[in-house]
């Protein structure tokens, strides 16, 4: 009986000690980071079953956003020329970031369906695919890397202006505003140098210049201010160039030998097979100077391909190539009438003037380019 009493007292004392310590232990467990808790406290055993009728909380599952359907259409139809991030591939293919500043949805739809220059039309792109693509083109692109300042961090206004300029203006005026394939050097522009807070730049940007094929842009007041700030920053950067170098001038491209260039034109270059110094190239040095002339020589833009289609009955149609994919070939004849046929039902041949220039690129030596350029500058 005495042993039983001792055992009972020992059990009571142990229970009292445990009860006294439980709040402290529980508090410590709550405060202890999960990574420091024993494994048994972090995760119950897999065999542990919940009590029947007890409430259990299930973790909330977050639905991951699906892929952008417009981005998928762009990747399939446009990215091969205009770049994965809509950045373009100058000088051949312009960027399409911010294209909705230049075109309305109706204008973009017409451009997509009919094409322009080297860009083929996609008349079968309709419905949801077309709407998704338009929404994607209107979405904000990723922020471009800033180059408007050296070691100093550019202001948010300059960064925004640089992005707008690269998306909308760099194709013609160059990424540094010092001139591009068709646009002049803005850092030497009298209009830009005489501008005060956008009073001269603003109207030209908004209204465009139809005589030079420059479109107007629908920028907000804030966007215009940032664009003007970036252009003026480029003027200051150009003025700071050592030696006053400001882009490429025509004299820089007159280092070759004209006689050697003429010999190349009429001989190994093969230029005379398609061109004539007294025909299509007569006076070309008056129409184009310097870098513009050299770029047209190396990679002509807006050259039109000619296609001849022969039907199963033997009838032939010839005209300007208007559309081509793996299923359809289309042309526009002299009257402006558009005609198309399934490619599996007809035979056709395409003559592309630009192909010869592209094929020639890897064959040029530096001397060939300099000499040919010097010769072309004599054709006035």
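The values are calculated or read from the model by the stated rules, or taken from the named source; none is laboratory data. Given the structure is predicted, the values throughout are model-derived calculations rather than measurements. Cβ sites come from the backbone with ideal geometry, for glycine too, and all protein chains shown count toward neighbours.
What the table shows:
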read-out: Any hit, the range 97-107, residues being more than 30 Å from residue 306 (Cβ to Cβ), at pLDDT 75 or above and surrounded by 19 or more Cβ atoms within 10 Å (Cβ to Cβ); value: yes
read-out: The range 237-271 - residue that is surrounded by 16 or more Cβ atoms within 10 Å (Cβ to Cβ) and more than 29 Å from residue 355 (Cβ to Cβ) and, of those, modelled with the lowest pLDDT; value: 247
read-out: Of all residues making up the range 199-222, the number that are surrounded by 18 or more Cβ atoms within 10 Å (Cβ to Cβ) and outside any helix (DSSP H, G or I); value: 2
read-out: Residue ID - farthest from the chain's Cα centre (by Cα), chosen from residues in the range 189-198 that are surrounded by fewer than 17 Cβ atoms within 10 Å (Cβ to Cβ) and either more than 22 Å from residue 155 (Cα to Cα) or in contact (Cβ under 8 Å) with a residue 40 or more places away in the chain (or both); value: 194
read-out: Flag if residue 307 is within 25 Å of residue 93 (Cβ to Cβ) and more than 29 Å from the chain's Cα centre (by Cα); value: yes
